[in-house]
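Heads up, the thing below is written out as structure tokens.
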2 protein chains.
Amino acid sequence: MGTKERRQREVAEREALFLDVALELVREESLLNLQMSRIAEKAEYAVGTLYLHFSSKEDLLLALVTRTVKDYYDLTRKASEWKAPSRDRMFAVGVGDLVFVKKHPDYFRIVQYILCEVAWNAASEQRKQAFHDANRPGLKLVSTIVEDARRSGDLEIDGQTAEELALGVWAICSGYHNFTHAEGLLNHLSITEPYFLMCRHLQNLLDGYHWKPIAGPAEPQAISALIERIKKEVFPEDLCNAA
Amino acid sequence: MGTKERRQREVAEREALFLDVALELVREESLLNLQMSRIAEKAEYAVGTLYLHFSSKEDLLLALVTRTVKDYYDLTRKASEWKAPSRDRMFAVGVGDLVFVKKHPDYFRIVQYILCEVAWNAASEQRKQAFHDANRPGLKLVSTIVEDARRSGDLEIDGQTAEELALGVWAICSGYHNFTHAEGLLNHLSITEPYFLMCRHLQNLLDGYHWKPIAGPAEPQAISALIERIKKEVFPEDLCNAA
DNA sequence: CCATTTCATGAATAGCATTCATAAACTATT
DNA sequence: AATAGTTTATGAATGCTATTCATGAAATGG
């Protein structure tokens, strides 16, 4: 009964096509202007067919994010497998965000939107579940770093689980992505390099976790140098053009 | 020519009424179901009149947020005027968030939505400007705490401006508010008390800033006690019922 | 009291997400 | 290979709401 399998494959390919097309449209004309009918048209299918795959527009966006989350965790994996002290690996996870935004400039924008109650509740239960499932391996990677750190004595966890510590890092990243998307918000604070500042605050947080070796009040140059080193050593294939 | 002034006052009152009604509707039936026609109806005006005030639905939401931001900074003011070490005052700003969500459970939800590119770009330039202006005094208060800390030697700023330091705190808070709004996201990580964890990570960040007196790996009980003390001493009138 | 400007109204418009009756394609059976 | 039955694809029609704008009412001022 190979027919059924071929069919399944075709359906999966079509779904992938829809997501590809949706992403292209977001890139071309922003999330604001994304229309279901345009997606169908560009993919050369009927709107109804699109709705055979996704229960709503938000459902499609969550699917898109869920698919991309795997690419994102590829960077996390590279960070976690890097031959370096646990603290630097953890920091590299954050630098991964920085690298990822260059490659997928719309990803965090869509995440921000989809995590809003309004959008989140418009997605199907299955998609939400799939999103959670897709996140699990990434969280595992980060937890592994934390556990390594503990084992090697770099980190004495003060009653916080690995996931909890990771959430602090995630919160800072998430917060900065948010601010960055509201045009004018940061200019207003004369902040021109939000992602660099994000890195500094990640370092500060890790210092606050007492994660050795403590960076202390490092000069900006030192952090810049570390960021550059991580980009080259950990994410050599993920850097865009002449960034 | 008092006529003109009376008229202005009336218009301002009507605008306030619209915002009151909008907030009530959000509370009653969620942001997702907020409809412009319902707002107009409930306020006993025509839809067209509503659009005399707000250029779009998002414009109205940004106006709502902008109005409430002042209440929010009342808490920040209390925190910054508290007779306590600068570090505790800074922490109290974060605890203010916690107190504020109880009182205005929809505020951060709306902020999260309005800061999404999609919504942000649908608001008028004037509103965005007003939002920035409304935020300035709050930022000033926080900067004052940072400068006090520097003056008293509690904090040796390592090349970061007061605003930059404050942004780190803001990022953590903002990140946590986000996670909290995506139903199921944190349960999935077995995190049941996000705002308590937020407070811990704020402490960790302040430690990372080397803001004296360093809290170190404080037991949860100590942080809980401090939170409770701040609630009672700093925000006595802002606590809801038997929270 | 009339002319003119300003303001308020809500029915009409318009944009899109979503549905669903219909047709096409495919599968199984004789 | 013809037929009946089942599954899948279609896109015109629906429906919901934000937004507009022609119309009339009210205020202003001479």
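The values are calculated or read from the model by the stated rules, or taken from the named source; none is laboratory data. On a predicted model such as this, the values are computed, not experimentally measured, just so you know. In this analysis, Cβ positions are derived from the backbone assuming ideal geometry, glycine residues included, and neighbour counts consider all displayed protein chains.
For segment A:142-163, name all the residues that are within 12 Å of chain B (Cβ to nearest Cβ) and either assigned to a helix (DSSP H, G or I) or buried (at least 17 other Cβ atoms within 10 Å of the Cβ) (or both).
Here is the first cut: in segment A:142-163, the residues within 12 Å of chain B (Cβ to nearest Cβ) are A:142-143, A:155-163.
Within segment A:142-163, A:Val142, A:Ser143, A:Leu155, A:Ile157, A:Gln160, A:Ala162, A:Glu163 meet the criteria.
Do we find a residue being within 12 Å of DNA strand D (Cβ to nearest atom) and either β-branched (Val, Ile, Thr) or within 14 Å of chain A (Cβ to nearest Cβ) (or both) anywhere in segment B:63-70?
Among the residues of segment B:63-70, not one is within 12 Å of DNA strand D (Cβ to nearest atom) and either β-branched (Val, Ile, Thr) or within 14 Å of chain A (Cβ to nearest Cβ) (or both), which makes the answer no.
Considering only residues that are of a type outside the set (S, T, N, Q) and either within 22 Å of the chain's Cα centre (by Cα) or more than 7 Å from chain A (Cβ to nearest Cβ) (or both), which ones fall in segment B:181-190?
The answer is B:His181, B:Ala182, B:Glu183, B:Leu185, B:Leu186.
Which condition number does A:Ala171 fail, the rest of (1) assigned to a helix (DSSP H, G or I); (2) small (Gly, Ala, Ser); (3) under 25 Å from A:Pro217 (Cα atoms); (4) more than 7 Å from chain B (Cβ to nearest Cβ) being met?
Against the list (1) assigned to a helix (DSSP H, G or I); (2) small (Gly, Ala, Ser); (3) under 25 Å from A:Pro217 (Cα atoms); (4) more than 7 Å from chain B (Cβ to nearest Cβ), A:Ala171 comes up short only on (4).
Select from segment A:121-135 the residues that are crowded, with 21+ Cβ neighbours inside 10 Å and under 25 Å from A:Phe179 (Cβ atoms) and list them in ascending order.
Selection gives A:Ala123, A:Phe131.
Condition check ((1) modelled with pLDDT under 95; (2) in a helix (DSSP H, G or I); (3) more than 22 Å from the chain's Cα centre (by Cα); (4) surrounded by fewer than 19 Cβ atoms within 10 Å (Cβ to Cβ)) across all residues:
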{"position": "A:Glu24", "(1), (2), (3), (4)": "no, yes, no, yes"}
{"position": "A:Arg27", "(1), (2), (3), (4)": "no, yes, no, yes"}
{"position": "A:Glu41", "(1), (2), (3), (4)": "no, yes, yes, yes"}
{"position": "A:Leu60", "(1), (2), (3), (4)": "no, yes, no, no"}
{"position": "A:Thr66", "(1), (2), (3), (4)": "no, yes, no, no"}
{"position": "A:Arg77", "(1), (2), (3), (4)": "no, yes, no, yes"}
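Being surrounded by fewer than 20 Cβ atoms within 10 Å (Cβ to Cβ), not aliphatic (A, V, I, L, M) and not in a helix (DSSP H, G or I) narrows it down to one of B:Lys4, B:Lys83, so name that one.
Result: B:Lys83 is the single residue among B:Lys4, B:Lys83 that is surrounded by fewer than 20 Cβ atoms within 10 Å (Cβ to Cβ), not aliphatic (A, V, I, L, M) and not in a helix (DSSP H, G or I).
Return yes or no: is A:Ala166 aliphatic (A, V, I, L, M) and either touching a Ser or Thr at 6+ places or on another chain (Cβ under 7 Å) or in a helix (DSSP H, G or I) (or both)? Even if it seems obvious, please write down each step before you answer.
Working: aliphatic (A, V, I, L, M): yes; either touching a Ser or Thr at 6+ places or on another chain (Cβ under 7 Å) or in a helix (DSSP H, G or I) (or both): yes.
Judged against the criteria, A:Ala166 is a match.
What residue, of A:Tyr73, A:Tyr113, is part of a helix (DSSP H, G or I), under 16 Å from the mean Cα position of the chain (by Cα), in contact (Cβ under 8 Å) with a residue 40 or more places away in the chain and within 14 Å of another protein chain (Cβ to nearest Cβ)?
Within the list A:Tyr73, A:Tyr113, the selection yields A:Tyr113.
Being under 17 Å from the mean Cα position of the chain (by Cα), among the aliphatic types (A, V, I, L, M) and assigned to a helix (DSSP H, G or I) narrows it down to one residue among A:Leu197, A:Leu205, A:Leu139; which is it?
A:Leu139
Given the structure, is B:Ala92 at pLDDT 95 or above, more than 12 Å from chain A (Cβ to nearest Cβ) and part of a helix (DSSP H, G or I)?
Considered against the rule, which asks whether it is at pLDDT 95 or above, more than 12 Å from chain A (Cβ to nearest Cβ) and part of a helix (DSSP H, G or I), B:Ala92 comes out as yes.
Restricting to segment B:43-56, name every residue that is among the polar types (S, T, N, Q) and in a loop (DSSP other than H, G, I, E, B).
The answer is B:Ser55, B:Ser56.
Taking B:Ala166 and the conditions (1) free of Cβ contacts under 8 Å to residues at least 40 places away in the same chain; (2) at the interface with another protein chain (Cβ under 8 Å from one of its Cβ atoms); (3) under 14 Å from the mean Cα position of the chain (by Cα), which numbered condition does it fall short on, given that it satisfies the others?
Of everything listed in (1) free of Cβ contacts under 8 Å to residues at least 40 places away in the same chain; (2) at the interface with another protein chain (Cβ under 8 Å from one of its Cβ atoms); (3) under 14 Å from the mean Cα position of the chain (by Cα), B:Ala166 misses just condition (2).
Scan segment B:218-236 and tell me whether some residue there is surrounded by fewer than 17 Cβ atoms within 10 Å (Cβ to Cβ), free of Cβ contacts under 8 Å to residues at least 12 places away in the same chain and among the aliphatic types (A, V, I, L, M). So that I can check it myself, show each step before the final result.
If we filter segment B:218-236 for residues that are surrounded by fewer than 17 Cβ atoms within 10 Å (Cβ to Cβ), which is where we start, we get B:219-222, B:224-225, B:228-229, B:232-233, B:236.
Narrowing the set further to residues that are free of Cβ contacts under 8 Å to residues at least 12 places away in the same chain leaves B:219, B:221-222, B:225, B:228-229, B:232, B:236.
Keeping just the survivors that are among the aliphatic types (A, V, I, L, M) gives B:222, B:225.
Looking for residues that are surrounded by fewer than 17 Cβ atoms within 10 Å (Cβ to Cβ), free of Cβ contacts under 8 Å to residues at least 12 places away in the same chain and among the aliphatic types (A, V, I, L, M), one finds at least one in segment B:218-236, hence yes.
Taking the condition of being without any contact (Cβ under 8 Å) to a residue 24 or more places away in the chain, in contact with a Phe, Trp or Tyr (Cβ under 6 Å, 6 or more places away or on another chain) and more than 7 Å from chain B (Cβ to nearest Cβ), how many residues in segment A:191-204 meet it?
1
Identify the residue in segment A:1-24 that is within 13 Å of DNA strand D (Cβ to nearest atom) and among the β-branched types (Val, Ile, Thr) and, among all such residues, is farthest from the other protein chains (Cβ to nearest Cβ). Spell out how you get there, then give the answer.
Step one: list which residues in segment A:1-24 are within 13 Å of DNA strand D (Cβ to nearest atom), which gives A:3-15, A:17-18.
Then drop every residue that is not among the β-branched types (Val, Ile, Thr), which leaves A:3, A:11.
Working: A:Thr3: 37, A:Val11: 27 Å.
Looking at the filtered set, the residue picked out is A:Thr3.
For residues that are within 14 Å of chain B (Cβ to nearest Cβ) and either within 9 Å of DNA strand C (Cβ to nearest atom) or without any contact (Cβ under 8 Å) to a residue 12 or more places away in the chain (or both), tally how many sit in segment A:25-59.
So the count comes out to 9.
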